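Shown next, in structure tokens, is the structure this report addresses.
Values quoted throughout were computed directly from the atomic coordinates according to the rules given, and no laboratory measurement underlies them. Every value quoted in this text rests on a predicted model; they were computed, and no experiment measured them. Glycine gets a Cβ as well: all are built from the backbone with ideal geometry, and neighbour counts include every protein chain shown.
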Amino acid sequence: MPRGIALTAALLAVLAAAGGAAPRASPPPAALPVGPAATPPMGWNSWNTFGCDIDEGKIRRAADGLVRSGMRDAGYRYVVVDDCWYRPQRDSAGNLLADPQRFPAGMAALGDYLHARGLKFGLYMSPNDETCAQQTGAYPGRTGSGDREARDARAFASWGVDYLKYDWCHGAGSPATARAAFTTMRDALAATGRPILYSINPNSNFPGAPGETASWCDIAHLSRTTEDIQPVWRTDRGNSHPMGVRDIIEVQSGLTDRARPGCWPDPDMLEVGVHDVNGYAGLTDDEARTHLSMWAMFAAPLIAGNDPARTSPAARDLLTDPEVIAVDQDPLGRAARRVTGGDHQVWVRPLQHGTAVALYNRGDAPARITTDLRTLGLPPGTYPTRDLWTGHRTSTTGPLSTDLPPHATTLLRLGRQ
């Protein structure tokens, strides 16, 4: 039974026995305001590169890397410290604390360090009694936020947290209990008065991938639609761990009607520039461009997972391409729809000024992909056309065609004269 239901039932029974009327139920609290999520958030998360092996020095070096590489100025502002940052046990009053060995200066000091560099501060926690790392035995203790949401939300606000990643990471429960738990933290964050972007993952370790099967727009700014991504093209496991870029594109293809300002379906973090993790060697250049192209078409959060302090020039250039980022951040806030399926796919996304088109070769062989204005749903006319990856400009009054190697994508922006 979800928390609070048993107490409410008992209260009603007492009132009925006393002959009193039951109190009028208050309306459910509204979803968080659009606020910090008017466009999909951009930032960096520690997990894809460091996993549980994090500390103060690594996070500060990553933050400095975001600044030096130009990623911050390109829009990657959130620095999200993922699992394993906390002391394994709470203090005697039940307070959540930073691990003194890993983060000796504490989380407020880390927030100050990030804010002083024009960055924003994100933290990870779970609505159950264990985080993911604790549940799998990778980290000791039982320090999740379950039944301590108000206390933890006040701590996050006092530390200057701007972003909370809240990860279900539990094999038990039901979608209803998960929804209640995520809502409790939503309301606790709102009660602090601090505008904290709220990102939830209802999928992790949860049978049935509820993040895919239902919308969570009434609860969070971001909601994960898939299981965890890995730096690999495909695993062919459906929406279950682990997932590759191609697998996630297929899941996300059925969910693009959910995106809107204030609520962004989240297909997980970026693996561009991430190598040799969990036995995966990383993405090819073509696969990395497809990864970014399709996340931009989806209006997805762009949360990088590379090591910003050691990023290669090639990965940096991909991640900071201003025209691709502009598609992702388009203020209209509508995601693309797929108009041609199979291995040779065509996607179209309406923009505030113009239209984005992705020609995507999902297959394992080179292919020519062709489309036309009618298929794209565009009226006849002359359309100036720009290839966002090569910079090549042309115009079209009809067909669009490109030859693509396996797993590659051409991303176009069309205007209209």
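What's the extension gain from S240 to R117 if we count 0.36 nm per residue and subtract their Cα-Cα distance? Don't jump to the answer; show the numbers that get you there.
On the way: separation 123, 0.36 × 123 = 44.28 nm, distance 3.73 nm.
So the chain would gain 40.5 nm between S240 and R117.
As I understand it, the dipole of the chain uses +1 on the Cβ of Lys and Arg and -1 on the Cβ of Asp and Glu, about the Cα centre. Which of G94, C52, P261 lies farthest toward its positive end?
Farthest towards the positive end: P261.
Please state the equivalent ellipsoid semi-axes for the stretch 143-226: what are the square roots of 5 times the Cα gyration tensor eigenvalues, largest first, in whole Å?
After scaling each eigenvalue by five and taking roots: 22, 13, 10 Å.
Consider just the alpha-carbon atoms of the chain and return their Rg together with their Dmax, both in angstrom.
Cα only, the chain: 22.5, 79 Å (Rg, Dmax).
How large is the charge dipole for the stretch 118-207, taken about the Cα centre, if only the Cβ atoms of Lys, Arg (+1) and Asp, Glu (-1) carry charge, to the nearest 20 debye?
For the stretch 118-207, the charge dipole is close to 180 debye.
Beta carbons within 10 angstrom, averaged per residue: use that to sort the peptides 338-346, 324-332, 246-254, highest first.
On the way: 338-346: 15.3, 324-332: 18.4, 246-254: 20.1.
The packing order, highest mean first, is 246-254, 324-332, 338-346.
When only Cα pairs under 8 Å and 6 or more residues apart are kept, what is the percent relative contact order across the stretch 35-328?
On the way: 613 pairs, mean separation 57.6, N = 294.
Computed value for the stretch 35-328: 20 percent relative contact order.
How many nm is it between the label spots at A108 and D364, if each spot is 7 Å from the Cα in line with the beta carbon?
So the two model labels end up 5.7 nm from each other.
Given an 8 Å cut-off on Cα distances and at least 6 residues of separation, report the relative contact order of the stretch 236-332 as a percent.
Contact order relative to length: 28 percent.
Please state the charge dipole magnitude for the stretch 35-328, taken about the Cα centre, from unit charges on C-beta atoms (+1 on K and R, -1 on D and E), reported in debye and rounded to the nearest 20.
Numbers: 28 positive and 38 negative charges, 161 e Å.
Approximately 780 debye in magnitude.
Mind pulling the angle between the C-alpha long axis of helix 149-158 and the longest principal axis of the chain? Nearest 10 degrees, somewhere in 0 to 90.
60 degrees
If I take R0 = 35 Å and measure r between the Cβ atoms of V339 and D187 in this structure, what FRET efficiency does the formula 1/(1 + (r/R0)^6) give, to the nearest 0.05?
Numbers: r = 40 Å, r/R0 = 1.15.
Calculated value: 0.30.
Put +1 on the Cβ of each Lys and Arg and -1 on the Cβ of each Asp and Glu in the stretch 337-414; which of H407, G363, T396 then has its Cα farthest toward the positive end of the dipole?
It is T396.
Can you tell me how much longer the chain between R260 and A138 gets when fully stretched, taken as 0.36 nm per residue apart minus their C-alpha distance, in nm with one decimal?
Between R260 and A138, full extension yields an extra 40.3 nm.
Any chance you could run the full-extension gain for S158 through D276? It's 0.36 nm times the residue separation minus the Cα-Cα distance, nm to one decimal.
Values: separation 118, 0.36 × 118 = 42.48 nm, distance 3.72 nm.
Result: 38.8 nm gained on full extension.
When DSSP beta bridges are limited to those with both residues in the stretch 35-328, what percentage is antiparallel, rounded to the nearest 5? Can you show the working numbers first?
Values: 3 of 29 bridges.
That works out to approximately 10 percent antiparallel.
Calculate the FRET efficiency for D286 and A93 from the Cβ-Cβ distance with a Förster distance of 56 Å, rounded to the nearest 0.05.
Using R0 = 56 Å, I get an efficiency of 0.55.
Around P380, what is the net charge, scoring Lys/Arg as +1 and Asp/Glu as -1 over all other residues with Cβ under 13 Å from its Cβ?
After counting each charged neighbour, the total is +1.
Across every pair of different alpha-carbon atoms, what Kirkwood hydrodynamic radius in Å does the stretch 284-417 reach?
One over the average 1/r among Cα pairs gives 15.1 Å for the stretch 284-417.
Quick one: putting +1 on the C-beta of Lys and Arg, -1 on the C-beta of Asp and Glu, what dipole do you get for the stretch 165-244 around its Cα centre, in Debye to the nearest 20? Provide the component values of the computation, followed by the final result.
On the way: 7 positive and 7 negative charges, 28 e Å.
It works out to roughly 140 debye.
With a 10 Å radius around each residue's Cβ, average the other Cβ atoms per peptide and rank 256-262, 407-413, highest first. Each step should come with its number before you reach the end.
Values: 256-262: 16.6, 407-413: 23.9.
Final packing ranking: 407-413, 256-262.
Kindly rank 312-319, 131-138 from highest to lowest mean number of other beta carbons found within 10 Å of each residue.
131-138, 312-319
Along the charge dipole of the stretch 88-223, which of I196, N128, S215 sits closest to the positive end, that is, farthest toward it, with unit charges on the beta carbon of Lys, Arg, Asp and Glu (+1, +1, -1, -1)?
I196
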